[in-house]
Amino acid sequence: MGAVLEIDGLVFVEEKADVLGKPVAPVRTHGLPPMAQREFHARMENWRRVVMGGGGSSAAVCASWARWYVALRTSEAPPHQDVLDEKYKPPRPLVSADELDGWLVEEAYRKLGDFNDRMALKCRHIYVFDDARTRTRLKGVRGSHVRLVIARAENNLKTILKSFE
């Protein structure tokens, strides 16, 4: 089997190539299952919300974990009876599942080696730039190759996320 490339939900599969690298068999395309595509885009939207801070962040802290730390540090101690009540309640998670998944995607994003892969994902999913504006942020990419860079970056990110699981 030849090269496999995904662009906006379409998978391009190049079957065979001759000596010069030209495809012998025609390139066939097929769509991904809509559920997998929707799940990936939902994870990317969740990543954007987590990284951007949810919109309610204060200017005194740079990230949500810093806001939590400052709130815990500056809060006063609860009365004695409240401490006993808290001790016997079931523990609450400090971080929601969505925030945890967003930071997992952020860790996978940081493991990407190529600058253009990281910048393409950041422009597409964090800043929600179109192809023309994304092209200005990438190095050495001109014309219609922006979609190929974005597709390669998304495939690399999916591979890293699968290795985490």
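So that you can scan it fast, the table gives a plain yes or no per residue for (1) open to solvent by 80 Å² or more (accessible area, probe 1.4 Å); (2) touching a helix residue (DSSP H, G or I) at 6+ places or on another chain (Cβ under 7 Å); (3) modelled with pLDDT of 65 or more:
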residue: Thr29; (1), (2), (3): no, no, no
residue: Ala42; (1), (2), (3): no, no, yes
residue: Val51; (1), (2), (3): no, yes, yes
residue: Val61; (1), (2), (3): no, yes, no
residue: Arg67; (1), (2), (3): no, no, yes
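Being of a type in the set (D, E, K, R), modelled with pLDDT under 90 and open to solvent by 100 Å² or more (accessible area, probe 1.4 Å), is that true of even one residue in region 102-119?
no
The values are calculated or read from the model by the stated rules, or taken from the named source; none is laboratory data. These figures come from a predicted structure and were not determined experimentally. Here Cβ is always computed from backbone atoms with ideal geometry, including for glycine, and neighbour counts include all displayed protein chains. Protein only, heavy atoms only, side chains kept; ligands, DNA and RNA dropped before computing areas. Shrake-Rupley method; radii C 1.70, N 1.55, O 1.52, S 1.80 Å.
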